1. Could you tell me whether any residue of region 55-63 is within 22 Å of residue 16 (Cα to Cα), of a type in the set (D, E, K, R), without any contact (Cβ under 8 Å) to a residue 40 or more places away in the chain and exposed (fewer than 11 other Cβ atoms within 10 Å of the Cβ)?
2. Quick one: residue 113 ticks every box in (1) modelled with pLDDT of 95 or more; (2) surrounded by fewer than 15 Cβ atoms within 10 Å (Cβ to Cβ); (3) of a type in the set (A, V, I, L, M) bar one, so which box is it?
3. Quick one: how many residues across region 1-38 are charged (D, E, K, R), modelled with pLDDT under 80 and surrounded by 10 or more Cβ atoms within 10 Å (Cβ to Cβ)?
4. Pairs under 7 Å by beta carbon, first residue farther than 17 Å from residue 79 by Cα in region 99-120, partner surrounded by 14 or more Cβ atoms within 10 Å (Cβ to Cβ) and not β-branched (Val, Ile, Thr), six or more apart or different chains?
5. How many residues are out of contact with any Asp or Glu (no Cβ under 6 Å at 6 or more places or on another chain) and either under 27 Å from residue 103 (Cα atoms) or of a type in the set (S, T, N, Q) (or both) when one looks only at region 25-69?
6. Considering (1) closer than 20 Å to residue 20 by Cα; (2) surrounded by 12 or more Cβ atoms within 10 Å (Cβ to Cβ); (3) without any contact (Cβ under 8 Å) to a residue 40 or more places away in the chain, say which one residue 41 fails and leave the rest.
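The values are calculated or read from the model by the stated rules, or taken from the named source; none is laboratory data. Model, not experiment: these values are computed from the prediction. Cβ: placed from backbone, ideal geometry, glycine included. Neighbour counts: every protein chain shown.
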Amino acid sequence: MTIIKFPQKQPKEPAFFSDIEENGYHIYSMENAKIPNFYPSEFPNYPGVALKNLREDDIITIRIFFDFKKGKDIRVEGGYIDLKVESIDDKKLIAVIITALPEEYTLSKGESIEVFQEEILCKAILK
């Protein structure tokens, strides 16, 4: 997983750090990635997936960041997790986490979360 250190003084913007402080996690957004300096480093261009191209039980991948406290230091760890689509509407979907995550993270395997189209990096191609 990628490790990113929190800045010494917490900025009001970008939402990247405030989301993590408030919710314990932040889901990478391809829209936010277009904003200069929104994320602390550059990420690859992901293909993305339109909600209209998804169905229930599809497997999708997102990039997510969690706060990780080690002693006095507060850091952010990020990585990819897979989700199974449970329901879809015209603006977002609900999906269950199928990737095992460390116990100290805010979210865990089996938990459902809201995901927006700009947060979906790719859809698994199952044979």
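1. Checking region 55-63: not a single residue is within 22 Å of residue 16 (Cα to Cα), of a type in the set (D, E, K, R), without any contact (Cβ under 8 Å) to a residue 40 or more places away in the chain and exposed (fewer than 11 other Cβ atoms within 10 Å of the Cβ).
2. It is condition (2) that residue 113 fails.
3. Selection size over region 1-38: 2.
4. 112/95; 114/92; 116/92; 117/51
5. Within region 25-69, the subset out of contact with any Asp or Glu (no Cβ under 6 Å at 6 or more places or on another chain) is 25, 28, 32-58, 60, 63-65, 67, 69.
Okay, now just the ones that are also either under 27 Å from residue 103 (Cα atoms) or of a type in the set (S, T, N, Q) (or both), so 25, 28, 32, 37, 39-41, 43, 45, 53, 57-58, 60, 63-65, 67, 69.
Of the residues in region 25-69, 18 are out of contact with any Asp or Glu (no Cβ under 6 Å at 6 or more places or on another chain) and either under 27 Å from residue 103 (Cα atoms) or of a type in the set (S, T, N, Q) (or both).
6. Condition (2) is where residue 41 drops out.
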